[in-house]
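One structure is given below, encoded as structure tokens.
Every number in this text was worked out from the coordinates using simple rules, so none of it is lab data. Everything numeric here is computed off the predicted structure, so don't read it as measured data. Here the Cβ positions follow ideal geometry from the backbone for every residue, glycine too, while neighbour counts run over all protein chains shown.
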Amino acid sequence: PAPRTVLLTGAAGGLGTLMRELLPPYGYRLRLFDERPVPDAPDAITAPLADREALRAAVRGVDAIIHLAGISLEASFDQILRANIEGVHQLYEAAREEGVRRVVFASSNHAVGFTPRPADGSAAIGIGTPRRPDTFYGLSKGFGEDLASLYHDLHGIETVSLRIGSCFPEPTSVRMLSIWLSPADCARLLHAALTAEYVGHTVAYASSANTRLWWDLSTARALGYEPQDDSEPYAAALIAAQGELDPDDPAHAHLGGAFCTDPPRWPH
Ligand code: NAI
Ligand code: 15L
């Protein structure tokens, strides 16, 4: 049976805001958690992941957790340590203590961001490619994936770690044509990850069925995900405005794009 009550951490963020709209039609009742207030959600829990009591109360009684909370760009090592590394540990401890059996973890393409991007016609990047984080941020996502693996092997908590490409309403760069995850496909993939029979610890790339896809979506498809969107209708206008990716430009040579050269930084 589909899980009914799902804790959504990071509910005030960009992706959380989109999923608050798109997940309830699948039958989920969402409980919301974020260190920032969630607009128009008086019942949301406003607390940092470091607040153990608040987090434990937040996970109590839920069927599953979608863990989006954390720093979503590059930041100092100390900031990443607290929000993303200690934060994901607190989350799994709370899940273990309260008996939650399924987590979907928002990992990122930046866990493997220094992987050379595939040339046209070459093999897509597979899920087994070695980790090559491009930032402390990407490093923290690799940590989260390994923590999920540990909590599965030790405690039986199942996780789908999604290496999300770029999930925004529309692709806004030529790079994003290859890794765009439409919000509607994100909701489809989360639903698949929450309802697949047995996932153990599964790592999957998360994007739409883009014509210019750089990676292998078979792990996501094996969960039951059937992407419906493709960034291609946006391609002509983006390429006219920005030009094709230059393979000799270091900012375009790797999967992580500009995160490898001049990463966008967390504003706080
Ligand atoms: P965002 O930065 O808009 O939202 C993150 C939310 O987490 C914010 O509302 C923030 O207040 C909250 N947060 C940060 N630290 C916290 C803490 N210590 N305790 C409680 N709440 C905290 O990011 P976005 O774009 O919504 O991404 C959501 C998740 O998905 C992040 O983990 C991000 O790394 C991941 N992701 C997103 C991608 C995208 O394309 N949007 C791509 C790859 C990964
Ligand atoms: C990420 O991991 C970020 O959270 C998101 O804001 C985008 O920058 C995305 O990667 C990307 O690679 O485009």
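Quick one: compute a quarter of the convex hull surface over the Cα atoms of region 62-204 and quote it in nm². Write down the numbers at each step before the final one.
On the way: hull surface 36.2 nm².
Directional mean of the projected Cα hull area for region 62-204 stands at 9.0 nm².
Any chance you could give the angle, 0 to 90 degrees and rounded to 10, that helix 87-98 forms with the longest Cα principal axis of the chain?
Roughly 40 degrees between the two axes.
So how strong a dipole does the chain carry about its Cα centre when Lys and Arg Cβ are +1 and Asp and Glu Cβ are -1, to the nearest 20 debye?
560
Given 37 °C and 0.692 mPa s, compute D for region 202-268 with the Stokes-Einstein relation, Rh being the Kirkwood radius over Cα pairs; round to the nearest whole µm²/s.
Details: Rh = 14.3 Å.
Estimated diffusion coefficient is 230 µm²/s.
Any idea how far apart Ala240 and Phe77 come out in nm if each label point goes 7 Å out from Cα toward Cβ?
Result: 4.8 nm between the two label points.
Put +1 on the Cβ of each Lys and Arg and -1 on the Cβ of each Asp and Glu in region 5-260; which of Ile85, Asn109, Gly128 then has its Cα farthest toward the positive end of the dipole?
After comparing all options, I get Ile85.
What net charge do the residues around Ala241 carry, taking every other residue with its C-beta under 14 Å from that of Ala241, with Lys and Arg at +1 and Asp and Glu at -1?
Once positives and negatives cancel, what remains is -1.
To the nearest 20 Debye, how big is the dipole of region 20-80 about its Cα centre, given +1 on the beta carbon of each Lys and Arg and -1 on that of each Asp and Glu?
Here region 20-80 has a charge dipole of around 280 debye.
Relative to 2.2 N^0.38 Å, what does the C-alpha radius of gyration of region 5-260 come to as a ratio? Two decimals please.
0.97
Could the peptides 41-53, 68-80 be put in order, highest first, of the mean number of other beta-carbon atoms found within 10 Å of their residues? Please list the in-between numbers first.
Numbers: 41-53: 15.0, 68-80: 18.5.
With the highest mean Cβ count within 10 Å placed first, the list reads 68-80, 41-53.
Rounded, prolate or oblate for region 34-93? Axes are the square roots of the Cα gyration tensor eigenvalues, ordered a ≥ b ≥ c, and the cut-off for rounded is a/c under 1.5.
oblate
Determine Rg/Rh for region 7-108; Rg is computed over alpha-carbon atoms and Rh is the Kirkwood hydrodynamic estimate from the same atoms.
Answer for region 7-108: 0.94.
Measure nothing but the geometry: give the 0 to 90° angle between the long axis through the Cα atoms of 183-195 and the longest principal axis through the Cα atoms of the chain, rounded to 10°.
Taking Cα atoms only, the helix is inclined about 50 degrees.
Taking the DSSP beta bridges in the chain as the whole, what percent of them are antiparallel, to the nearest 5? Provide the component values of the computation, followed by the final result.
Details: 1 of 31 bridges.
Taking every DSSP beta bridge with both residues in the chain, the antiparallel ones total about 5 percent.
If you average the C-alpha positions of region 15-74 and of region 80-128 separately, how far apart do those two centres end up, in angstrom?
18
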